[in-house]
Amino acid sequence: SVTVTVTPIALDFTAVPHSLADVVTVPAGYSVSVLYRLGDPIAAGVAAYANNGTDTNFAQRAGDHHDGMSYFGLAASGNNPDPNNSTRGLLVLNHENISEQYLHVNGPSPAPRAESEAIKEIECHGVSVIEVTRTNGTWSYVQSSALNRRITPNTPMAFSGPAKGAAWLKTAYSTDGTSGRGTINNCANGTMAWNTYLTNEENWVGYFRRLSGDAAVRTATTPKQNVSLARYGISEPRNGNYNWATVTPSDSSSTIYRRWNATANAALAADGTADFRNEPFQFGWVVEIDPFNPASTPRKRTALGRMNHEGCQSGRMIAGVRPAFYMGDDAQNEYIYKFVSATPWSASDASASDRLAVGDKYLDTGTLYVARFNADGTGTWMPLVFGQNGLNASNSIYPFADQADVLINTRLAGDALGATKMDRPEWTAVNPATGEMYCTLTNNASRKPVASSGNTAVDAANPRAYVDPPSTSVGNRNGHIIRIRETGDTTEATSFTWDVYAFGAGADLDATNINLSGLDATNDFSSPDGLWFSLPSNVAGQQTPVMWIQTDDGAFTDVTNCMMLAAIPGRVGDGGTRQVTSSAGGASATVTTRIGKAPGVTLKRFLVGPKQCEITGIHSTPDGTSVFVNIQHPGEGATNPSAPTSNWPDSQSGSAAATVRPRSATIVITKNDGGVVAI
Ligand code: FEO
Ligand code: CA
Ligand code: CA
Ligand code: CA
């Protein structure tokens, strides 16, 4: 247990009002600059982005849909880390998905897809590593830096941990199941204390084709795979996002398109190539990247389980204590997890030169737990260990064969243990001053007053189901942020207490049963997603971090574009209990929940984004004076690339042609007086 001193501070800005404008708005006294946009070249000699659908070579350009992001300080010269450098660093960020309509001259071709289009779309996914520098107060990225790297769905990967070499990881590409190609739909991130980056594979399921007859073939060979594919939502028949599997490659030996067709056996797929039935099991993992070594092979950390991994952030790293890594599985009614290393933290590992070997030490051996939230405000971390608690071959939900089977089928193991079904767990973040863990639960259209097929009843930890006009559908429309305090304030704990830090809601909604946190015009929000704690090291006596909340919303966008808020969060147990009644769809239920945001707790809107964007991804320099934020998919609603629904970032300056295509981008926020942002 650690002694904690929490020194209250104030947030030093005036709340930004709701906005539907096509700009990023920040408080008076702050400035925004655009740093790294879709298509920006990251190697010498690559042409500037034309942004008209003619651009190629995205393996040497910024990808699309910027998401989770970490800043790693670099030494003044060379490629070694310097965790204290706030003017030269590596910015590492995910490219989750694409706005396909803007990547081609006239939008995408129908299937069968043109190879020239598919390769652009594939390479727009993955991760960027770019060198960034601050010169005379201005940030830019270094186009020709030897440290720049694009990791794409085609980049070689190594499997690590208990599932390495498992039968289900064997593919035509890796016949021994120890390696794979690429990473996809990389959502949130993790910043490891030993200077590596975690990227997390979220909605990978959507990319796979599975043709009729696949289930029958598997029934005759690996029937458990049918149970697994169904549990992860890979239904049959399905085409797969973007139809990449329909490409006929110019290099007939290439399988980088064909692999997205997971249909078991080549005859069924009718294209004569080897089958890629196991490709779906190659995804859904946490992937560790050493950004300081561009030649390194990223490692898929199978000990952390397989799911729609949103993010993975560590708890406090305390010498002699086994560290924990907290994760959400973002789908309706999925679970919250933590992995606890078998090895206590050794502070000298923070400066080790073989960073992926340190990752092997802390991320390959340990225990994965899934969370159960009890109505009395307590909770339990239940171990997902083969042979314990019925996770064995005679389990009635799924016959587990070994630990690799438990990890590949993490969701089924969570089902077997009776974990609590949550309202779409997104990012996790740990308050460095207290060790308390926060997790955004973004919304859940299938949360109802009473359970029915496909729908889950309200409970203490997910207590709301309601209509938020103008929508007429019932569910947790606006999301909430749950938080836990580990027993003994230690990452090693197997139990915890919890409350709900804040419930999203419009300020106009019913204060008794919906706007439970008493939000007003300065801080009402919906669909929390990104979440991050900053603790600027240069503030004397500063021991209260700022918590940042970002939104990805469809329910509140009639009132305001998506946003970012800053908070001084308080402690678990601040607010006591509260009865909440859900009456909707002809049904009613009352549960008792636990309120976190107490009167006087500070929560203020700091930023509103441009049209049809999501705000996701945040990190800062170690001195706290520059905050990096990602603006994802502005103008995503358009279908005609000639009639974009946003012109950002060109519109940031106030004047942009109405036909300019929008671009996802990283921005930098600084305080005009040079101080620490937000405080
Ligand atoms: Fe990629 Fe759950 O957000
Ligand atoms: Ca997104
Ligand atoms: Ca997200
Ligand atoms: Ca989201």
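The values are calculated or read from the model by the stated rules, or taken from the named source; none is laboratory data. Everything numeric here is computed off the predicted structure, so don't read it as measured data. Cβ coordinates were reconstructed from backbone atoms using ideal geometry, including for glycine residues, and neighbour counts include every protein chain displayed.
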> Just one of 594, 663 is more than 25 Å from residue 140 (Cα to Cα), touching a residue at least 24 places away in the same chain (Cβ under 8 Å) and not small (Gly, Ala, Ser); which is it?
Replying inline: 594
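Restricting attention to the range 199-206, does a residue exist that is at positive phi and within 16 Å of ligand 1 (Cβ to nearest atom)? Lay out the reasoning, then the answer.
Within the range 199-206, the first condition is being at positive phi, and the residues that meet it are none.
There is no residue in the range 199-206 that is at positive phi and within 16 Å of ligand 1 (Cβ to nearest atom).
Looking at the range 566-580, is at least one residue within 16 Å of ligand 1 (Cβ to nearest atom) and either within 22 Å of residue 432 (Cα to Cα) or surrounded by 22 or more Cβ atoms within 10 Å (Cβ to Cβ) (or both)?
Residues of the range 566-580 within 16 Å of ligand 1 (Cβ to nearest atom): none.
No: the range 566-580 contains no residue that is within 16 Å of ligand 1 (Cβ to nearest atom) and either within 22 Å of residue 432 (Cα to Cα) or surrounded by 22 or more Cβ atoms within 10 Å (Cβ to Cβ) (or both).
When you check residue 607 against the structure, is it under 16 Å from residue 34 (Cα atoms) and part of a strand (DSSP E or B), yes or no?
Details: under 16 Å from residue 34 (Cα atoms): yes; part of a strand (DSSP E or B): yes.
Against the criterion (under 16 Å from residue 34 (Cα atoms) and part of a strand (DSSP E or B)), residue 607 qualifies.
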> Pick from 436, 426: which is among the acidic types (Asp, Glu) and over 24 Å from residue 466 (Cβ atoms)?
Replying inline: 436
> Across the range 448-481, what is the total count of residues that are touching a Pro at 6+ places or on another chain (Cβ under 9 Å) and closer than 22 Å to residue 374 by Cβ?
Replying inline: 7
>> Can you report the number of residues in the range 347-385 which are among the aromatic types (Phe, Trp, Tyr) and in contact with a Leu (Cβ under 8 Å, 6 or more places away or on another chain)?
In response: 1
>> Among the numbered criteria (1) under 24 Å from residue 497 (Cβ atoms); (2) more than 16 Å from ligand 4 (Cβ to nearest atom); (3) among the hydroxyl-bearing types (Ser, Thr, Tyr); (4) surrounded by 23 or more Cβ atoms within 10 Å (Cβ to Cβ), which one does residue 428 miss?
In response: (2)
>> If residue 265 satisfies all but one of (1) at pLDDT 95 or above; (2) in contact with an Asp or Glu (Cβ under 6 Å, 6 or more places away or on another chain), what's the number of the condition it fails?
In response: (1)
> In this structure, is residue 579 assigned to a strand (DSSP E or B), within 26 Å of residue 29 (Cβ to Cβ), of a type in the set (S, T, N, Q) and touching a strand residue (DSSP E or B) at 6+ places or on another chain (Cβ under 9 Å)?
Replying inline: no
> Within the range 523-535, is there a residue that is away from ligand 3 (no atom under 16 Å from the Cβ), over 25 Å from the mean Cα position of the chain (by Cα) and at pLDDT 95 or above?
Replying inline: no
> How many residues does the range 80-128 contain that are among the small types (Gly, Ala, Ser), farther than 20 Å from residue 639 by Cα and within 16 Å of ligand 1 (Cβ to nearest atom)?
Replying inline: 1
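So that you can scan it fast, the table gives a plain yes or no per residue for (1) charged (D, E, K, R); (2) touching a Gly at 6+ places or on another chain (Cβ under 7 Å); (3) more than 26 Å from residue 68 (Cβ to Cβ); (4) surrounded by fewer than 24 Cβ atoms within 10 Å (Cβ to Cβ):
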position	(1), (2), (3), (4)
250	no, no, yes, yes
255	no, no, yes, yes
274	no, no, yes, yes
285	no, no, no, no
291	no, no, no, no
297	no, no, no, yes
305	no, no, no, no
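Please pick out the residue among 444, 476, 395 that is surrounded by fewer than 20 Cβ atoms within 10 Å (Cβ to Cβ) and polar (S, T, N, Q).
Values: 444 fails: surrounded by fewer than 20 Cβ atoms within 10 Å (Cβ to Cβ); 476 fails: surrounded by fewer than 20 Cβ atoms within 10 Å (Cβ to Cβ).
Of 444, 476, 395, the one residue that is surrounded by fewer than 20 Cβ atoms within 10 Å (Cβ to Cβ) and polar (S, T, N, Q) is 395.
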>> Among the listed residues 214, 176, identify the single one that is farther than 26 Å from residue 357 by Cβ and away from ligand 1 (no atom under 16 Å from the Cβ).
In response: 214
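Being closer than 30 Å to residue 105 by Cβ and either among the β-branched types (Val, Ile, Thr) or assigned to a strand (DSSP E or B) (or both) is true for just one of 630, 640. Which residue is that? Spell out the reasoning first.
On the way: 640 fails: either among the β-branched types (Val, Ile, Thr) or assigned to a strand (DSSP E or B) (or both).
Exactly one of 630, 640 is closer than 30 Å to residue 105 by Cβ and either among the β-branched types (Val, Ile, Thr) or assigned to a strand (DSSP E or B) (or both), namely 630.
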> Within the set of pairs 6 or more residues apart or between chains, which connect a residue that is under 10 Å from residue 71 (Cβ atoms) inside the range 85-98 to a residue that is crowded, with 24+ Cβ neighbours inside 10 Å and at pLDDT below 95 with Cβ atoms less than 6 Å apart?
Replying inline: none
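Inspect all residues belonging to the range 593-609 and state whether any of them is within 16 Å of ligand 1 (Cβ to nearest atom) and over 22 Å from residue 425 (Cβ atoms).
First, pick out the residues of the range 593-609 that are within 16 Å of ligand 1 (Cβ to nearest atom): 609.
Now narrow it down to the ones that are over 22 Å from residue 425 (Cβ atoms): 609.
Yes.
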> Name the strands (runs of 3 or more DSSP E) wholly within the range 239-341 that hold at least 1 residues that are within 16 Å of ligand 3 (Cβ to nearest atom) and more than 30 Å from residue 78 (Cα to Cα)?
Replying inline: 309-314, 324-329, 332-334, 336-341
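So, residue 196, is that one closer than 29 Å to residue 148 by Cβ, touching a residue at least 60 places away in the same chain (Cβ under 8 Å) and either within 16 Å of ligand 1 (Cβ to nearest atom) or buried (at least 16 other Cβ atoms within 10 Å of the Cβ) (or both) or not? Talk me through it step by step, then tell me what you get.
Details: closer than 29 Å to residue 148 by Cβ: yes; touching a residue at least 60 places away in the same chain (Cβ under 8 Å): yes; either within 16 Å of ligand 1 (Cβ to nearest atom) or buried (at least 16 other Cβ atoms within 10 Å of the Cβ) (or both): yes.
Yes; evaluated as a whole, the condition is true for this residue.
When the range 610-626 is examined, which residues are found to be outside any strand (DSSP E or B) and under 17 Å from residue 91 (Cα atoms)?
Going through the range 610-626, the residues outside any strand (DSSP E or B) turn out to be 610-613, 621-625.
621, 622, 623, 624, 625 - these are the residues of the range 610-626 that are outside any strand (DSSP E or B) and under 17 Å from residue 91 (Cα atoms).
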>> If a residue must be within 16 Å of ligand 4 (Cβ to nearest atom), assigned to a strand (DSSP E or B) and touching a His at 6+ places or on another chain (Cβ under 6 Å), how many such residues does the range 53-83 contain?
In response: 1
> Mind checking which residues of the range 352-368 are under 18 Å from residue 493 (Cβ atoms) and crowded, with 23+ Cβ neighbours inside 10 Å?
Replying inline: 362, 368
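Looking for whichever is assigned to a helix (DSSP H, G or I), modelled with pLDDT of 95 or more, in contact with a Pro (Cβ under 7 Å, 6 or more places away or on another chain) and not hydroxyl-bearing (Ser, Thr, Tyr) here; the options are 412, 407. Which one fits? Break it down into steps so the answer makes sense when it comes.
Details: 412 fails: in contact with a Pro (Cβ under 7 Å, 6 or more places away or on another chain).
When all the criteria are applied, what remains is 407.
Yes or no: residue 445 over 18 Å from the mean Cα position of the chain (by Cα) and within 16 Å of ligand 4 (Cβ to nearest atom)? Write out each step before concluding.
Details: over 18 Å from the mean Cα position of the chain (by Cα): yes; within 16 Å of ligand 4 (Cβ to nearest atom): yes.
For residue 445, the condition - over 18 Å from the mean Cα position of the chain (by Cα) and within 16 Å of ligand 4 (Cβ to nearest atom) - is met.
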>> Scan the range 82-98 and tell me whether some residue there is over 25 Å from residue 313 (Cβ atoms), within 16 Å of ligand 2 (Cβ to nearest atom), modelled with pLDDT of 95 or more and out of contact with any Lys or Arg (no Cβ under 8 Å at 6 or more places or on another chain).
In response: yes
